[in-house]
Amino acid sequence: MSKAQFPRETVTGTFNRQESSFRKWIEHGTEFEPAPNRYHLYLSYACPWAHRTLITRALKNLEDVISASFVDPVRDDKGWRFSTEGSPYFDCVNGFNYLSEAYKRTNSNYDKRVSVPVLWDKETGQIVNNESSDIIIMLNDAFNSYTNSDLDLYPEELKHEIDELNDFIYTHINNGVYKCGFTTDQNVYESECNKLFNALDRIDERLSGKTYLVQDKLTLADIRLFPTLIRFDVVYYNHFKTNKKHIYEYENLRPFLKNLYHREKIKPTVKFDEIKDHYFKTHQYINPTRIVPSGPDIISRLG
């Protein structure tokens, strides 16, 4: 089993996510000034962390301000890869064959895991940031002069509540499914699975009588929860063994998910075929046959 394929774990069998290495910021008065057509996103339709940046870019009407390239959903031993010109997975900015080339161009000594999303500066030829939680804040705030959208997904008066909720959702749900799926220890799995479903229960209760998570206003908290929920029944339920309950069985999570999925700007960002191909064909230590399940019919579940 190659290093690229091997599950990220500690000796105890507990999954520990690698911290993002590039955390610079786009803002006035810095080396990375906000500007149209200067920045580029490297994304994957399959990855939930990249998905949140894709959704934010769409909701803020930034498609003509910040360009994007998409990697092939199936990683190989060398990581996230691009294809030839004319393919939907062609790197239209640098012509990279692998996303690792962007990391090496920014830091020639980089030897950690290569991940999406990546926010790239076309002017200086380097990565600005590869932390999705940072990138979505920049997309929400930094480019308002170049978009006709007045949507604010991170309003000042709600930041504290959003941040607290995001910490909980990240720890127990966004990353929680991975803690279940990538562990190699039965006791760790059972503990993490209990934490995950306890968290889902709490969020389901929070959504009772509400459309959104924070004061019934669409915020980054909703955008961060959605990519995990939309993947849950399709891949996590089987692939990561998070099979105590489907999302469609929850009284409030199901309508929350359905409402966001059917938003005009969000629905085109969801590509179930790429999501399934990525998880079932990339994680060979979990699914060595690489067979992709034919179901479930999630679209009918979402109405």
If I ask for residues that are polar (S, T, N, Q) and more than 17 Å from the chain's Cα centre (by Cα), which ones from the stretch 26-60 would you list? T30, N37
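Yes/no matrix, rows are residues, columns are (1) at pLDDT below 95; (2) within 30 Å of V292 (Cβ to Cβ); (3) buried (at least 20 other Cβ atoms within 10 Å of the Cβ):
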residue	(1), (2), (3)
H172	no, yes, yes
G176	no, yes, yes
T183	yes, yes, yes
C193	no, yes, yes
A199	no, yes, no
S208	no, no, no
K217	no, no, no
L220	no, no, yes
R231	no, yes, yes
Boolean, P227 is in contact (Cβ under 8 Å) with a residue 24 or more places away in the chain and more than 16 Å from the chain's Cα centre (by Cα): no
Helices (runs of 4 or more DSSP H) wholly inside the stretch 211-303 that include at least 2 residues being among the acidic types (D, E) and either in contact with an Asp or Glu (Cβ under 8 Å, 6 or more places away or on another chain) or within 28 Å of Y89 (Cα to Cα) (or both): 272-282
Residues of the stretch 163-192 satisfying the condition of being under 18 Å from L220 (Cα atoms) and either assigned to a helix (DSSP H, G or I) or touching an Asp or Glu at 6+ places or on another chain (Cβ under 9 Å) (or both): D163, E164, L165, N166, D167, F168, I169, Y170, T171, H172, I173, N174
Exception for D91 within (1) under 19 Å from L43 (Cβ atoms); (2) under 18 Å from the mean Cα position of the chain (by Cα) falls at (2)
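Residue by residue, here is whether (1) within 23 Å of G181 (Cβ to Cβ); (2) in contact with a Cys (Cβ under 7 Å, 6 or more places away or on another chain); (3) assigned by TED's automatic domain parsing to the domain that holds N194 holds:
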{"site": "Q215", "(1), (2), (3)": "no, no, yes"}
{"site": "L218", "(1), (2), (3)": "no, no, yes"}
{"site": "I230", "(1), (2), (3)": "yes, no, yes"}
{"site": "V234", "(1), (2), (3)": "yes, no, yes"}
{"site": "F240", "(1), (2), (3)": "yes, yes, yes"}
{"site": "I247", "(1), (2), (3)": "yes, no, yes"}
Among the residues in the stretch 286-293, are any surrounded by fewer than 20 Cβ atoms within 10 Å (Cβ to Cβ), more than 20 Å from the chain's Cα centre (by Cα), charged (D, E, K, R) and assigned by TED's automatic domain parsing to the domain that holds G176? yes
For H160, state whether it is in contact with an Asp or Glu (Cβ under 8 Å, 6 or more places away or on another chain) and surrounded by fewer than 20 Cβ atoms within 10 Å (Cβ to Cβ). no
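The values are calculated or read from the model by the stated rules, or taken from the named source; none is laboratory data. Not measured: the values here are computed from a predicted model. Reconstructed Cβ throughout: ideal geometry from the backbone, glycine too, with neighbour counts over all protein chains shown.
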